[in-house]
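The values are calculated or read from the model by the stated rules, or taken from the named source; none is laboratory data. Predicted, not measured: the structure shown is a model, and the values here were computed from it. Note that each Cβ is placed from the backbone with ideal geometry, even for glycine, and that neighbours are counted across all protein chains shown. Side chains are part of the model used for accessible areas, which takes the heavy atoms of the whole protein and leaves out ligands, DNA and RNA. Shrake-Rupley method; radii C 1.70, N 1.55, O 1.52, S 1.80 Å.
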Amino acid sequence: MENKKMLLVIGGVLVVLLGGAGILYSRLGGSVNREILQTQAVAEGTAAGGQKASGEGQAEIGDSGETVAVDGQNGGPGSKSPGGENGGPGSGSPDGQASQAAAPDFTVQDGEDNPVKLSDMVGKPVVLNFWASWCPPCKMEMPDFQEAFTEYGDSVHFMMVNLTDGARETVDTAKKYVEDQGYTFPVYFDTGSEAAIVYGIMAVPATFFIDAEGKPVARASGAIDRETLEKGIEMVLPGDESPETEAGT
């Protein structure tokens, strides 16, 4: 009898703990990070010391890959610190100003299975977003991206890159989700994981803001709100200067 009572008590404690953990996960997974917009300095095909791009309101997708974003910190070729101190090749002039490298290029497929490169977008700023239909934080921020596309679609390229691994996400499931939600922004499919590997994407959503010359300006890790999205767009619109320090709301 005593053993049965003990088992019931232990079972009750486990139920409470699991319930509390579920509530906490739901709250964290559905939160929006408003202080994650950071200035960006990256170099073609390089990594920033294996840093992991993760933040509040992200869904983890794996333990491999390399992050090319250095967020203004020393750590890889082409990196630049907030004070203008350079951390590797490609940094350059005597006055401490780094020569900004182009954003790493990649090829994805559009809805008609045509290859599209990031470099094809040079001439207009780019909002590059990595997402998946199984990712709750991705779904949470998408209405804001749709509104921004409606407002800025003529002057800014939106590349909504789906992590199409063929198992957890397929072209069909991604297309169905976009169609069901009525989204009209351009969706691209990373069927070979090329874009995800190049940008070291290990958690989604992740957003990169690239100027009209193809140079990275800022990035956001995790779900962002409309205000933060607007701020990123303003950083890359022609006539706007990219800040040299972290920019949070």
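For the criterion of being on the phi > 0 side of the Ramachandran plot and not hydrophobic (A, V, I, L, M, F, W, C), Gly153 fails. Output yes when any residue across the range 92-102 is surrounded by 20 or more Cβ atoms within 10 Å (Cβ to Cβ) and modelled with pLDDT of 95 or more, and no when none is. No - not one qualifying residue is present in the range 92-102.
Condition check ((1) surrounded by fewer than 21 Cβ atoms within 10 Å (Cβ to Cβ); (2) closer than 22 Å to Pro136 by Cα; (3) in contact with a strand residue (DSSP E or B) (Cβ under 8 Å, 6 or more places away or on another chain)) across all residues:
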residue: Val171; (1), (2), (3): yes, yes, yes
residue: Ala174; (1), (2), (3): no, yes, yes
residue: Phe189; (1), (2), (3): no, yes, yes
residue: Ala196; (1), (2), (3): no, yes, yes
residue: Met202; (1), (2), (3): yes, yes, yes
residue: Thr207; (1), (2), (3): no, yes, yes
residue: Asp211; (1), (2), (3): no, no, yes
residue: Pro216; (1), (2), (3): no, no, yes
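Within the range 142-169, the set of residues being hydrophobic (A, V, I, L, M, F, W, C) and open to solvent by 10 Å² or more (accessible area, probe 1.4 Å) comprises Phe149, Leu163, Ala167. With the condition kept exactly as written, say whether any residue in the range 120-141 is among the aromatic types (Phe, Trp, Tyr), open to solvent by 10 Å² or more (accessible area, probe 1.4 Å) and within 13 Å of Val204 (Cβ to Cβ). Yes, the conditions are met somewhere in the range 120-141.
In the set (1) touching a helix residue (DSSP H, G or I) at 6+ places or on another chain (Cβ under 9 Å); (2) surrounded by fewer than 19 Cβ atoms within 10 Å (Cβ to Cβ), Pro115 fails one condition alone, (1). Among the residues here, Ser193 qualifies as of a type outside the set (Asp, Glu) and either at pLDDT 95 or above or on the phi > 0 side of the Ramachandran plot (or both).
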